[in-house]
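S.K.: Just passing along the structure, written as structure tokens.
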Amino acid sequence: MIKLLNPNRRASRIGMLVVVGVLINISGCGGSHSVAEESAVNIRTIESQTEDVGFTESPSTGEAGATDSAPEEAPSGAYTRIPDYPRIKTAPLQYIDSTSGHRMGVRVTLPANEDGTPAEGPFPVILIQSAYNIGLMSLMPLPGGVLLGAPDPFMVRRGYAMVAVDVIGGGTSEGGWEMLGEEEQSGYGDVVDWIQQQAWANGDIGVAGASYMAITSLFTAQQRPDDIKAIFASVPMGDPLRGTVGTGGILNGVFMSTWMTLTHLTSTQNLITMLLHPELMDIIMGSTQRHVDQVDHYYLPVIEKAINGDPVFSYDGEFWRVRSPIENIDRIQAPTFIMGALDDIFQRDEPLIYEALKDRVDARLMIFNGDHIGHFMQALPGTEKTDPILNLVLQWFDKHLKGMDSGTERIPAVTQYVKGYKNGNWQGFASTTDWPHPAAEPDRWYLHGDGSLNQQAPFDQETTRVMTQPEFAGYDYGKSADGGFVHLDFTLNDGTRCSPSYVQWTLGSAGIARSPKCFRDTAQLEREALNYETEAMTEAYYINGPIQADLFVSSTARDAVVSVRIDEVTPQGRVIPLSNGLLLASARALDESRSRYLYGEMVQPYHYFTQSTEQLLVPGEVVKMHVEVFPTSALIRKGNKLRVSISPSNQAQGILNLPRRELARDGVTSIHNSAEYPSSVVLLSVPVSELN
């Protein structure tokens, strides 16, 4: 008999916080489309998914029923229209076959008439494929569910069918989860083929989702470019190795702990779904048991191999290429809307996905402030420069799935939050025509031995500053006490558990659980770092785009980590984090053909991260490291200083595997500053007049 389990480890609680946080944000921050206003749910729906769902809106929403002809009001004058149908109907959970032999759980939600019967179609379809259990997501319809796989009354009542699917290895579906592997991906196209055979589908399919669901959307559009007519991808991944899991060539253990816990936790929580579907008890129970068994079959072996430096996980290769949506991004033919966040786990990738698509398809990029979960806090209610996310989803799909004149051409090509630009919640966006910003120019700032930072290159020998490798992170992994959950816990020993990086790589869940000052002010964290500062700015300085640190480094060890943070420092000493990056010295080899140049300056390096290009240090020998600092948009305000902070570790973002620890152990790393070795940082500056 399968054990139905509750998480009892810290990492599992973090995973649950992520799920709860997203649901809270979506249900509670919907601007004029709150759950109370748009989804008064018939309680029978929770008791039995075979029942229809009714909605009774308050008059303030302009949605009292199908006979209400008044247009709905949105706070920012956003695009909207009255619903076409008074109700929605969510069909019971059903299973479809995949070409891999696994059955996949599917939930279909259709527009419904006043009596609850499905309306006569066919309809354009919005497809969402999730690793986070559609059974959990389908318990209560909610506006915004279109990004998560929950029945979304806002979209469905406006004439869309919604299809939510558990990917192979997730939720109610059969198989074992293997991190976006080939078997899972084979099911994406199978679902599209199934939809095209349904009487309620008119052949026009859009894909949508946030996070994992955004990733599956991109992969699906690559597999079936002739079928997918539109994409709305919120916080998607592009290159997992460089952007998320192996940033700087180092294992991102904090992220992996959070993500693997989240996927395994949600894939095993099927008790309610079993009770609601007793006729499917056997298949759901069998799927759940397979997910539990996956701890031994997949999770623990992967963790052990990664910690012990298995080349498959330590270096770029087929494993990571298969899981990189940006690898075959040129197969996408559909208009694509990309949403991101400045401190998202996919901070690096979101603008790169847009850039890869912009010249071939109708594309938009909208970057908000905040982290992975916090992105929704801004995206849902709208800002002074952006419309609420639900209105944008409707506007995008109305144009590209229904052929309506929804005015998408008025949405700027690129809209970005600019840190430090304006005070007040959700104020501070600027729009432009491209990314990187078309007015951007590279500025090189030199690091000096006295800790100063200016645009004058060293002309003589200066003080060489040194830093020592800190104690390595501790780790513990295995099964939970009851044997049903994976746990992977890291003890960070370099102070970065209290840092913006820790919030970022826990998907923002750390910021939900607690919010100490060090998540927003890194003065304490950088007390022991090598800090380089400009004089107070005589005028505001606007940076926008990727950042590159070109550092001349030597070490007493065979390997070393260099972490670079970019900050704004106030006259009072507050250190406001802007962005950061890190690089393993042995992974410093560059693919110059894929690196970014602007006006002859390399401004965004592309590292091979392959085993064949690995270059260990020779103790005492100076080498040049091109450290990629993830892109941002920020204003260094007049009177404040620009800081570059360098340290030998950022365990919240990257943890050395066991072989690399031995190579870096007790290392003393030097940062050189001289005419021969002019360490510097390249920022893309934009005239302040470009802020609009």
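One line per residue, one yes/no per condition, for (1) in contact with a strand residue (DSSP E or B) (Cβ under 9 Å, 6 or more places away or on another chain); (2) closer than 24 Å to Val322 by Cβ; (3) open to solvent by 10 Å² or more (accessible area, probe 1.4 Å):
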site: Phe154; (1), (2), (3): no, no, no
site: Ala161; (1), (2), (3): yes, no, no
site: Gly175; (1), (2), (3): yes, yes, no
site: Glu183; (1), (2), (3): no, yes, yes
site: Trp200; (1), (2), (3): yes, no, yes
site: Gly206; (1), (2), (3): yes, no, no
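S.K.: Filter region 90-119 for residues that are farther than 19 Å from Ala150 by Cα and of a type outside the set (D, E, K, R) and give the result.
M.R.: Initial filter on region 90-119 (farther than 19 Å from Ala150 by Cα): 97-103, 113-115, 117, 119.
Answer for region 90-119, where residues must be farther than 19 Å from Ala150 by Cα and of a type outside the set (D, E, K, R): Ser98, Thr99, Ser100, Gly101, His102, Asn113, Thr117, Ala119.
S.K.: Note down all Cβ pairs under 6 Å where the first residue falls in region 527-544 and is open to solvent by 10 Å² or more (accessible area, probe 1.4 Å), the second is of a type in the set (Val, Ile, Thr) and outside any strand (DSSP E or B), and they're at least six residues apart or on different chains.
M.R.: Within 6 Å, the pairs are Ala540/Val688.
S.K.: Given region 527-591, what strands (runs of 3 or more DSSP E) lie entirely inside it while holding 1 or more residues that are more than 28 Å from the chain's Cα centre (by Cα)?
M.R.: Details: elements: 530-533, 541-555, 561-569, 575-584.
The strands (runs of 3 or more DSSP E) meeting that bar are 530-533, 541-555.
S.K.: Here is a follow-up. If we scan region 328-338, do we find a residue that is in contact (Cβ under 8 Å) with a residue 60 or more places away in the chain and over 15 Å from Ile231 (Cα atoms)? Explain how you work it out, then say what you get.
M.R.: If we filter region 328-338 for residues that are in contact (Cβ under 8 Å) with a residue 60 or more places away in the chain, which is where we start, we get 328-329, 331-338.
Okay, now just the ones that are also over 15 Å from Ile231 (Cα atoms), so 328.
Checked region 328-338: at least one residue is in contact (Cβ under 8 Å) with a residue 60 or more places away in the chain and over 15 Å from Ile231 (Cα atoms).
S.K.: Only one of (1) within 18 Å of Ser563 (Cβ to Cβ); (2) open to solvent by 20 Å² or more (accessible area, probe 1.4 Å) fails for Lys517. Which number is that?
M.R.: Of everything listed in (1) within 18 Å of Ser563 (Cβ to Cβ); (2) open to solvent by 20 Å² or more (accessible area, probe 1.4 Å), Lys517 misses just condition (1).
S.K.: Could we say that Glu614 is farther than 24 Å from Ser645 by Cα and either of a type outside the set (Asp, Glu) or assigned to a loop (DSSP other than H, G, I, E, B) (or both) here? Don't jump to the end; show me each part of the working.
M.R.: On the way: farther than 24 Å from Ser645 by Cα: yes; either of a type outside the set (Asp, Glu) or assigned to a loop (DSSP other than H, G, I, E, B) (or both): yes.
Yes: the conditions hold for Glu614.
S.K.: With the condition kept exactly as written, say whether any residue in region 590-599 is touching a Pro at 6+ places or on another chain (Cβ under 8 Å), basic (Lys, Arg) and farther than 19 Å from Tyr677 by Cα. Before the answer, list the steps.
M.R.: Within region 590-599, the subset touching a Pro at 6+ places or on another chain (Cβ under 8 Å) is 590, 595-596, 598-599.
Now narrow it down to the ones that are basic (Lys, Arg): 596.
Remaining after also requiring farther than 19 Å from Tyr677 by Cα: 596.
The answer is yes; a qualifying residue exists.
S.K.: Checking the condition in contact with a strand residue (DSSP E or B) (Cβ under 6 Å, 6 or more places away or on another chain) and open to solvent by less than 10 Å² (accessible area, probe 1.4 Å), which residue from Thr522, Thr496 passes?
M.R.: Values: Thr496 fails: in contact with a strand residue (DSSP E or B) (Cβ under 6 Å, 6 or more places away or on another chain).
None of the others qualify; the one that does is Thr522.
Here's the yes/no breakdown for (1) open to solvent by less than 50 Å² (accessible area, probe 1.4 Å); (2) of a type in the set (Asp, Glu); (3) within 27 Å of Pro631 (Cα to Cα):
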site: Thr433; (1), (2), (3): no, no, yes
site: Pro438; (1), (2), (3): no, no, yes
site: Gly451; (1), (2), (3): yes, no, yes
site: Asn454; (1), (2), (3): no, no, yes
site: Gln461; (1), (2), (3): no, no, no
site: Ser480; (1), (2), (3): yes, no, no
site: Gly484; (1), (2), (3): yes, no, no
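S.K.: Same structure again: Checking Gln378 against (1) touching a residue at least 60 places away in the same chain (Cβ under 8 Å); (2) of a type in the set (S, T, N, Q); (3) not in a loop (DSSP other than H, G, I, E, B), which test does it fail?
M.R.: Against the list (1) touching a residue at least 60 places away in the same chain (Cβ under 8 Å); (2) of a type in the set (S, T, N, Q); (3) not in a loop (DSSP other than H, G, I, E, B), Gln378 comes up short only on (1).
Residue-wise test of (1) of a type outside the set (Ser, Thr, Tyr); (2) in contact with a strand residue (DSSP E or B) (Cβ under 6 Å, 6 or more places away or on another chain); (3) at pLDDT below 95.
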| site | (1), (2), (3) |
| --- | --- |
| Gly209 | yes, yes, no |
| Thr220 | no, yes, no |
| Gly243 | yes, no, no |
| Gly246 | yes, no, no |
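S.K.: Mind checking whether some residue in region 273-283 is in contact with a Gly (Cβ under 6 Å, 6 or more places away or on another chain) and touching a residue at least 12 places away in the same chain (Cβ under 8 Å)?
M.R.: Yes, the conditions are met somewhere in region 273-283.
The values are calculated or read from the model by the stated rules, or taken from the named source; none is laboratory data. Owing to the predicted nature of the structure, the values given are computational and were not obtained by experimental measurement. Heads up, the Cβs are rebuilt from the backbone with ideal geometry, glycines too, and the neighbour counts pull from every protein chain shown. SASA here: full protein model, heavy atoms, side chains in, ligands and nucleic acids out. Shrake-Rupley method; radii C 1.70, N 1.55, O 1.52, S 1.80 Å.
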